[in-house]
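Here's the structure we're looking at; comments come further down.
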Amino acid sequence: MLAKPITSGEKSKYLHVFGLLGDSMGHGHGYGKVIIFGEHFVVHGLPSIVCAIGMRTTATVSRIRRKNFSGFEVEDLRPETPGYKKEKEAQMYRSISLMCEYCGIDLTRTPIKITFAGDLVAASGIGASAAACTAFARAVNEEFNLGFNDEKINEVAYEGEKGYHGTPSGVDNTASTFGGCLVFLKGPPPKFERVKMPTKVEIVMGNTGLTANTQKVVEEVKALMKTQPEKTKKIFEEADGLIREGRICLESCDYRRAGELMNRNHELLQELGVSCKELDLLVNIARENGAWGAKLTGTGRGGYMVALTPGKECQEKVARAIENAGFTVLKTTIGV
Ligand code: MEV
């Protein structure tokens, strides 16, 4: 009987088992993201408009062959908002354990080293945890020849997000995995469509330098919905219409109206109690310096805000004003 030819993936698996191959490595990446409309509302079933940004986290996964070592070790080389990594360390470890379990990787038999790097700042509001989860899912898929497609990578990353958020909507890992600009609806099963933006448009993201606890802020919104059902119902009804109109504006390049809707989205989030004085300050600086609209993005209570700044000149002016106030910025584009 003829032996079945083995694939290069299988070959490396066998060579590893017999300890004959030098250390191989799985690689992966995940994009950062910016939510233009609908954070928090998305947790409760409303749509959200999210765009991947050009910055990403990378991960490499390699086997540890030290005697008596089991589990995993992490080297985290990502740039960060001071204190972010320390604050999120326990969540990251929980997240990695959840993903390994989901992928069926027995860390007592195959301990691993994970290195995170890339140009995405580890900070709140920019999808840092989702980017790390997606990058890890891709790297582990490569190292262990799991044969996952993007849908499965997204599922693994969603499992990992549970280590950070508890009950994530899935919007961040979906943007991190698939890239582009999406309208996302929480599952099960989660659904998303591409937002067809005909042109690129400049944005500025300003960093408050504060790290937020998503799980806690999401819980607080849930509590508010219980204690003030009438008030929150009105906020949610308005948000629903606003997010849907926001998509139409982005698809028709009506950035004036999109900016107005972002401003209103920020007010609705303030009413939910998820903004803070630093976010409000940066939003005001952006508006006073020519942004067409500005709002917090992501969890709130710190992290990033986003300003819509069509044209290089507008983008530069807003970015400089935020920097002059002592904060760091990212200048990027959304669309196409
Ligand atoms: C996402 O970046 C922020 C929240 O909407 C939580 C979630 O969607 O899981 C607040």
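The values are calculated or read from the model by the stated rules, or taken from the named source; none is laboratory data. On a predicted model such as this, the values are computed, not experimentally measured, just so you know. Reconstructed Cβ throughout: ideal geometry from the backbone, glycine too, with neighbour counts over all protein chains shown. Remember, those area values only see protein heavy atoms, side chains included, never the ligands or the DNA or RNA. Shrake-Rupley method; radii C 1.70, N 1.55, O 1.52, S 1.80 Å.
Of 283, 318, 274, which residue is under 19 Å from the mean Cα position of the chain (by Cα) and among the aliphatic types (A, V, I, L, M)? Quick ask: steps written out before the conclusion?
On the way: 283 fails: under 19 Å from the mean Cα position of the chain (by Cα); 318 fails: under 19 Å from the mean Cα position of the chain (by Cα).
After ruling out the rest, the residue left standing is 274.
Being in contact (Cβ under 8 Å) with a residue 24 or more places away in the chain and open to solvent by 30 Å² or more (accessible area, probe 1.4 Å) is the filter here; which residues of the range 274-294 pass it? Let's see the steps before the verdict.
Here is the first cut: in the range 274-294, the residues in contact (Cβ under 8 Å) with a residue 24 or more places away in the chain are 274-276, 278-279, 281-283, 285-294.
Once the filter is applied, which keeps residues that are in contact (Cβ under 8 Å) with a residue 24 or more places away in the chain and open to solvent by 30 Å² or more (accessible area, probe 1.4 Å), the range 274-294 yields 278, 281, 287, 288, 289, 290, 292.
Confirm whether residue 46 is at pLDDT 95 or above and open to solvent by 10 Å² or more (accessible area, probe 1.4 Å). Working first, answer last.
Working: at pLDDT 95 or above: yes; open to solvent by 10 Å² or more (accessible area, probe 1.4 Å): yes.
It is true that residue 46 is at pLDDT 95 or above and open to solvent by 10 Å² or more (accessible area, probe 1.4 Å).
In the list 166, 160, 179, which residue meets the criterion of being of a type in the set (Gly, Ala, Ser), closer than 21 Å to residue 299 by Cβ, at pLDDT 95 or above and out of contact with any Gly (no Cβ under 8 Å at 6 or more places or on another chain)?
Values: 166 fails: at pLDDT 95 or above; 179 fails: closer than 21 Å to residue 299 by Cβ.
Criteria check complete, one pass: 160.
Yes or no: the range 95-107 includes at least one residue that is in contact with a Ser or Thr (Cβ under 8 Å, 6 or more places away or on another chain), within 22 Å of residue 34 (Cβ to Cβ), open to solvent by less than 60 Å² (accessible area, probe 1.4 Å) and of a type outside the set (Phe, Trp, Tyr).
Restricting attention to the range 95-107, the residues satisfying the condition of being in contact with a Ser or Thr (Cβ under 8 Å, 6 or more places away or on another chain) are 95, 107.
Retained after the next criterion (residues that are within 22 Å of residue 34 (Cβ to Cβ)): 95.
If we keep only those that are open to solvent by less than 60 Å² (accessible area, probe 1.4 Å) too, we end up with 95.
Then keep just the ones that are of a type outside the set (Phe, Trp, Tyr); that gives 95.
Yes - at least one qualifying residue is present in the range 95-107.
Is it the case that some residue within the range 75-89 is aromatic (Phe, Trp, Tyr), more than 16 Å from the ligand (Cβ to nearest atom) and at negative phi?
Residues of the range 75-89 that are aromatic (Phe, Trp, Tyr), as a first pass: 84.
Checking the rest, the ones that are also more than 16 Å from the ligand (Cβ to nearest atom) come to none.
Scanning the range 75-89, I find no residue that is aromatic (Phe, Trp, Tyr), more than 16 Å from the ligand (Cβ to nearest atom) and at negative phi, so the answer is no.
From (1) open to solvent by 10 Å² or more (accessible area, probe 1.4 Å); (2) at pLDDT 95 or above; (3) not basic (Lys, Arg), pick out the condition that doesn't hold for residue 70.
(2)
Inspect all residues belonging to the range 92-108 and state whether any of them is of a type in the set (A, V, I, L, M, F, W, C), assigned to a strand (DSSP E or B) and in contact with a Lys or Arg (Cβ under 9 Å, 6 or more places away or on another chain). Give the derivation first.
The first filter runs over the range 92-108 and keeps only residues of a type in the set (A, V, I, L, M, F, W, C), leaving 92, 96, 98-100, 103, 105, 107.
Next cut, assigned to a strand (DSSP E or B) only: none.
For the range 92-108, residues of a type in the set (A, V, I, L, M, F, W, C), assigned to a strand (DSSP E or B) and in contact with a Lys or Arg (Cβ under 9 Å, 6 or more places away or on another chain): absent.
Tell me whether the range 54-72 contains one or more residues that are within 16 Å of the ligand (Cβ to nearest atom) and over 27 Å from residue 274 (Cα atoms).
no
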